[in-house]
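For reference, the structure is listed below as structure tokens.
The values are calculated or read from the model by the stated rules, or taken from the named source; none is laboratory data. Only a predicted model underlies this, so the values are computations on that prediction, with no experimental measurement involved. Quick reminder, even Gly has a Cβ in these numbers, built from the backbone with ideal geometry, and neighbours come from all protein chains shown.
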Amino acid sequence: MLLLIFVYLTIFNHLVLGVNVSIPLVPLSSAPLITPSLVSFSIEQDRWTDWAGTTSRNQFFFNVLNNLNQLSGVPPRIRIGADSEDHTNFNPAVQFSEDVFPAITPTVPYPEASSIVVGDSYYESTQFLPPNTRVTWGLNLGQNNLTDAFLEARSIVKAFSSSAVKGAGIVLDSIEIGNEADLYKNNGARPTTFTSSQYVADWTKFATNISAVVGISSSSATRFWSGAFSGSSHSTTGFSPQAIISEGILSSAPGSAIATISQHHYSGSFCSGSEGLLQDLMEKSSIRANLSPFSPDITAVRAKGLDYVLGETNSYSCHGAPGVSNTAGAALWALDYVLFATQVGVSRVFFHEGVGYKYNLIQPITLTRSILDGSTLPTPIPAHIQPQYYAAIIAAESIGKSGNTHAAELSINNSQIAGYAFYDGAHLARAVFINSNAFLKSNTAARPSIHLDFGFTGSGSMAPTSFTIKRLNVGHADDTAGLTWGGQTYETSDGKVSGSLEVSNGKVVDGVDIQATEVVLLTFGG
Ligand SMILES: *[C@@H]1O[C@H](CO)[C@@H](O)[C@H](O)[C@H]1NC(C)=O
Ligand SMILES: *[C@@H]1O[C@H](CO)[C@@H](O)[C@H](O)[C@H]1NC(C)=O
Ligand SMILES: *[C@@H]1O[C@H](CO)[C@@H](O)[C@H](O)[C@H]1NC(C)=O
Ligand SMILES: *[C@@H]1O[C@H](CO)[C@@H](O)[C@H](O)[C@H]1NC(C)=O
């Protein structure tokens, strides 16, 4: 009797929960080229030196960036800006920065500074990033004080001309002028009647001055990011890339030096978490519903030969929802989110981070109060990674170092399985699968699993017969620690990988099982 039940369950699992996956052997023309720095970071400007270091480097932050460098061959790009960008002033007498913070609340335990005054040494800390990092610095447009933006820009130029920064090959990739100007009419930075064409006028005035100070032109190494809006109307009415392009932002001399349009996006605004919310975030359909609406924007931007990035993004606003943004489930969300973003034409995704934010991939310094409610911690927690960091690792490893990797989403007829194939040149090299079914601590039933069977389409390349299997092991979707990737952990005091690598071998004909809340990376062999 027991035996019969076992047999029944096995058959049930394999027959009912089987999914066929067809993988093209060579990349279709629709498969975009993927940058090795796909996962990049946006850092809240107020506490920049906590990330980078002041008189010496923050070795933890350096190490966790360098892990990604080692896997994909280039360091992640860094944008320093966001809300506090529009509250930053320059004073040459200040060492590093002087910040004024609003009161701490349980909902926002680590608020953004309301005032940041910086001096030259603040920008000089850029030298502590990994060698060859490409950096975007944000300037204050919100306060409408050109002198201030000018002084910041002059100090940035000074820092990037220093032997420390130049010697490390660290490059000023871009300057962003203003953060989320579409919200200026709501936050008092401009009159309530502020329009996108007034933004174009303000931006052009500032950029004319800044381009002279920094030496930015349509052929310079440093270029402008523009846009950086919190949302998009997706049309020429209201704030959107289409609107500012039609209003002539690219036509002026500094406008011709815009190389990138940046868009900000959060998947929702929830200031308290719940299990249902975690499943909503992870849901394959909601990830697609969050990103697909930007398609017309991306088409309009690309038509002008410009790059399109998610210059500031993460799961939910309020710096993340507790028990959601800081969990293992959010790692699966982040992985599917960045990979799907490539499929709609996004070239790079900058995950927004601030010290103590719930949705961070990285906590760069010791924290003394809870990221969830601001209460004093019984023991301070040293710098550490959060679960979403594994998404950055898996993305970097899936893309690899070829510098010529194309990725294609696989069409999978299942609402909880997403899959992507990676091609090194024309060669099918790897595939990653994500099971976004949230297996929670509260789930008492057996953990569900889905069997994937593979078939190949197209010719020109021999179909592989075997693969190695590497798994992101997660206890529960709502766990906040204890994940392992191929048996290894990044939850270490120095942020470097630890433990011995565990991968298994499989045959293509046998397919592979993927549990609820699991990621599987297949590396194809002969
Ligand atoms: C998968 O493909 C096999 C062989 O073509 C077929 O027998 C099976 O029904 C398919 N399974 C599903 C779930 O579509
Ligand atoms: C930029 O603005 C500053 C402050 O108003 C001014 O001192 C400087 O001369 C301007 N530079 C250019 C090139 O317009
Ligand atoms: C503009 O910024 C400069 C430099 O920070 C400062 O000296 C000046 O007072 C500011 N102007 C206004 C109107 O706030
Ligand atoms: C997709 O799966 C559903 C069941 O979940 C099935 O009814 C449908 O036929 C499948 N479609 C294809 C194209 O296999």
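Within the stretch 399-435, being among the acidic types (D, E) and more than 19 Å from A331 (Cα to Cα) holds for one residue alone: D424. Restrict the check to the stretch 369-390 and report whether at least one residue is crowded, with 21+ Cβ neighbours inside 10 Å, within 16 Å of ligand 4 (Cβ to nearest atom) and within 20 Å of the chain's Cα centre (by Cα). So far as the stretch 369-390 goes, no, none of its residues is crowded, with 21+ Cβ neighbours inside 10 Å, within 16 Å of ligand 4 (Cβ to nearest atom) and within 20 Å of the chain's Cα centre (by Cα). Scan the stretch 415-439 for residues that are within 21 Å of S286 (Cβ to Cβ) and surrounded by fewer than 18 Cβ atoms within 10 Å (Cβ to Cβ) and the total you get is 1.
Elements of the type strands (runs of 3 or more DSSP E) sitting completely within the stretch 367-411 and holding at least 1 residues that are over 13 Å from F422 (Cβ atoms): these cover 367-369, 376-381. Would you call S217 modelled with pLDDT of 95 or more and touching a strand residue (DSSP E or B) at 6+ places or on another chain (Cβ under 6 Å)? Spelling it out, it is not the case that S217 is modelled with pLDDT of 95 or more and touching a strand residue (DSSP E or B) at 6+ places or on another chain (Cβ under 6 Å).
Residue-wise test of (1) touching a Lys or Arg at 6+ places or on another chain (Cβ under 9 Å); (2) in a loop (DSSP other than H, G, I, E, B); (3) away from ligand 2 (no atom under 16 Å from the Cβ).
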site	(1), (2), (3)
S125	yes, no, yes
N132	no, yes, yes
T136	yes, no, yes
G142	yes, yes, yes
R154	no, no, no
K158	no, no, no
A164	no, no, yes
D173	yes, no, yes
D182	no, no, yes
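Out of the residues in the stretch 120-150 that are hydroxyl-bearing (S, T, Y) and surrounded by 21 or more Cβ atoms within 10 Å (Cβ to Cβ), which is nearest to I170 (Cα to Cα)? So, considering only residues that are hydroxyl-bearing (S, T, Y) and surrounded by 21 or more Cβ atoms within 10 Å (Cβ to Cβ), the one nearest to I170 (Cα to Cα) is T133. If you go through the stretch 254-275 one residue at a time, do you hit one that is free of Cβ contacts under 8 Å to residues at least 60 places away in the same chain, part of a loop (DSSP other than H, G, I, E, B) and under 20 Å from A82 (Cβ atoms)? So far as the stretch 254-275 goes, yes, one or more of its residues are free of Cβ contacts under 8 Å to residues at least 60 places away in the same chain, part of a loop (DSSP other than H, G, I, E, B) and under 20 Å from A82 (Cβ atoms).
Conditions tested, residue by residue: (1) assigned by TED's automatic domain parsing to the domain that holds Q70; (2) modelled with pLDDT under 95; (3) hydroxyl-bearing (S, T, Y).
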| position | (1), (2), (3) |
| --- | --- |
| F456 | no, no, no |
| S461 | no, yes, yes |
| S466 | no, no, yes |
| K470 | no, no, no |
| V474 | no, no, no |
| D479 | no, no, no |
| W485 | no, no, no |
| G495 | no, no, no |
| L501 | no, no, no |
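Per-residue answers, yes or no, for (1) of a type outside the set (S, T, N, Q); (2) under 30 Å from A321 (Cα atoms):
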| position | (1), (2) |
| --- | --- |
| V100 | yes, yes |
| S121 | no, no |
| V135 | yes, yes |
| L172 | yes, no |
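Using the structure shown, decide if W225 is within 16 Å of ligand 2 (Cβ to nearest atom) and crowded, with 21+ Cβ neighbours inside 10 Å. Judged against the criteria, W225 is not a match.
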